[in-house]
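To keep things clear, I will list the structure first and then write my remarks on it.
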Amino acid sequence: MHTRVHPYLALTLILVSGIIQAQSLNRLPQSEFDVRPPSLWVDGEIGDMSVERAECRSFPEHQLRQRIVEIAQQEWTFFGSREYQVRSAVEEALPWETRRQRRPRLGLEESIRVASSIAGYWSSTAEGEWIVARQNDEWKEEGEAARWRDAWSAAFISWVMCEAGVDSRDEFRHAIAHHSYIDQAIRARDGEEPSALYVAHDSGEQDVAPGDLLCTGTRPQYQNLDERRAQIGEGARTHCDIVVKVNLEEGTIDTIGGNVQSAVTLKTLWIENGRILSPVDREGRPVFAHLKLKNESEVLASAE
């Protein structure tokens, strides 16, 4: 399945195809692409930044899938169209803790440029205010290039959903931890949350489509939904990426996620017949959950 891409974003994708560019690209003006930049969700400078939380958007259901994809693509270009790099054999042999310490650090100029955007992602969550306040202390101690002390990948997903038009927690749990909305999708699969927009499936159960989410676990390293179902509601280190392109001819799925190598980054998974057959990411973690976005008819039916 292919998805339509905004003309500007399509040009960007052509320009960066197969290339990791050093320069970053600006977002479209809101008059051309109706998305509020995440930097507008905060006020102040590094070290003295505060949350100015905005309400989530509301758009027709038929626009949701495309908006999720295009917003993720725009954030990817803003961060410089980075692609996830395959690790060397030497690095793969290192313990996990050592590999985490070796993750790349953004340079000073880039850290300053994207700081308000990452803070804006946090602003879409209920906990964003104290997390940004705590990061101010980190900047004051470590300097403007300090890494975010809290992983912001779930905040990125939450902001994308909020800006795409998902304005109800009954539809999607905007949260600072991925397991919150993974659990919601599992409960939807079990018939407990009919209003949820995402339904959880094991990897390979369903065809993957743009707008879907693919999720892995680190601690624990879940293999399937049942393993998470047995711990539902408990804390876990998980990560999800947004599917932005499915290419059946090449047998690939492109996903975009936040806080991957300290940026919004694109990954590629290999598939067959539209389904992930070898669901392991490049850190060796299985894709244990495929959160499938309901189509418009399913959303309307669940609301009746």
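The values are calculated or read from the model by the stated rules, or taken from the named source; none is laboratory data. As the structure is a computational prediction, the values presented were derived from the model and not from experiment. When we count neighbours, we look across all protein chains shown, and the Cβ atoms used for this are built from the backbone with ideal geometry, even at glycine.
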**Item:** Matching option when the condition is in contact (Cβ under 8 Å) with a residue 24 or more places away in the chain and either surrounded by 16 or more Cβ atoms within 10 Å (Cβ to Cβ) or over 22 Å from residue 76 (Cβ atoms) (or both), among 206, 184
**Value:** 206
**Message:** Within the range 106-120, does at least one residue satisfy the condition of being in a helix (DSSP H, G or I), closer than 30 Å to residue 188 by Cβ, touching a strand residue (DSSP E or B) at 6+ places or on another chain (Cβ under 7 Å) and at pLDDT 95 or above?
**Reply:** yes
**Request:** Mind listing whichever residues of the range 145-193 are among the aromatic types (Phe, Trp, Tyr), within 12 Å of the chain's Cα centre (by Cα) and in a loop (DSSP other than H, G, I, E, B)?
**Result:** 152
**Asked** Does residue 246 count as of a type in the set (A, V, I, L, M, F, W, C), more than 20 Å from residue 156 (Cβ to Cβ), in a strand (DSSP E or B) and modelled with pLDDT under 95?
**Response** yes
**Prompt:** Which one is modelled with the highest pLDDT, of the residues in the range 261-287 that are out of contact with any strand residue (DSSP E or B) (no Cβ under 7 Å at 6 or more places or on another chain) and in a strand (DSSP E or B)?
**Reply:** 272
**Complete:** Exception for residue 190 within (1) buried (at least 24 other Cβ atoms within 10 Å of the Cβ); (2) at pLDDT 95 or above; (3) over 26 Å from residue 38 (Cα atoms) falls at (1)
**Asked** Any idea how many residues of the range 125-146 are within 28 Å of residue 267 (Cα to Cα) and in contact with an Asp or Glu (Cβ under 8 Å, 6 or more places away or on another chain)?
**Response** 3
